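Quick note: the coordinates plus some simple rules give every number you see, no bench work behind them. Owing to the predicted nature of the structure, the values given are computational and were not obtained by experimental measurement. FYI the Cβ positions are ideal-geometry reconstructions off the backbone, even for glycines, and counts take in every protein chain you see.
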Amino acid sequence: MAELVIVRHGQAAFGSDNYDRLSDLGRRQARAVAAHLRRTGWVPDRMVTGTLDRQVETLAEMGFDGTTERHAGFNEYDFHDLLNTRFGGQAPEPVMQDRKTHFRTLRDTILEWQQDHIAGAAESWGEFRGRVADALGFATDTDARRVLVVSSGGVIGQIVASTLGAPDPMMMELNLQVKNSSLHRFIFSRGRMMLAEFNATPHFDAAPDLLSYS
């Protein structure tokens, strides 16, 4: 049996012109989760990220030695595209700038997307599900015993939901719970996947000021 640990990227720059970069807090979160893994003796022998800057930067801040692989299937769904498409080309400013409004609207938008009600989106729900499954297969098709993946909340929500055989809407319920730099641990062997840990943040126990969701 081998272990797959998926870490959500550190906090990104919500509301900025370029969301796809880590904030100062996000960098501290990445270093903290890496320090926790080292303290527990968990050092990866394979590392994979998506291709988004905030994912790549998170793994770089974690500072593990070794080669890093990338698979675009671990990239987050394009929430800017989905929101803009839903609102006919441009989401209202409060949806993009106010956190509470943003996540309430995003939840409703994803539920519509899952039912193929967001016509014209750059990626369909079926395409998202398929590429996440491909990325997971890529990461676990290995002789490595400890695989570290850095990904994003929606992807993590989908992997957890599919592993548990949960219905599609559960993906978004899980997505909205996922904390920045949280740990999600799976056991895998010969195509089988079992969830062992979800949304763990022991690295925040002594530093609660590091906690963030977006």
With a/c under 1.5 counting as rounded, go ahead and sort the chain into rounded, prolate or oblate using the C-alpha gyration tensor (a ≥ b ≥ c being the square roots of the eigenvalues; past the cut-off, prolate if a/b is larger than b/c, else oblate). oblate
Arranged from highest to lowest average of other beta-carbon atoms within 10 Å per residue, in what order do the peptides 131-141, 190-200 appear? 131-141, 190-200
Which net charge results when you count Lys and Arg as +1 and Asp and Glu as -1 among the other residues whose beta-carbon is under 12 Å from that of Val56? -2
Antiparallel versus total DSSP beta bridges in the chain: what percent is that, nearest 5? 50 percent
Segment 128-214: C-alpha gyration tensor shape, a/c 1.5 cut-off, then a/b vs b/c: oblate
What does the helix-only formula give at 222 nm for the chain: each DSSP H stretch with n ≥ 4 adding -39500 (n - 2.57), the total divided by the residues, and the result rounded to the nearest 500 deg cm²/dmol? -12500 deg cm²/dmol
Could you tell me whether segment 78-122 comes out rounded, prolate or oblate from its Cα gyration tensor? Rule is a ≥ b ≥ c as square roots of the eigenvalues, rounded for a/c under 1.5, then prolate if a/b exceeds b/c, otherwise oblate. oblate
What does the charge count near Pro202 come to, summing +1 for each Lys or Arg and -1 for each Asp or Glu among other residues with Cβ under 13 Å from its Cβ? +2
Enumerate the amide H contacts of Arg70 below 5 Å, restricted to partners 5 or more residues apart or on another chain; note that Pro and chain-start residues carry no placed amide H. Thr49
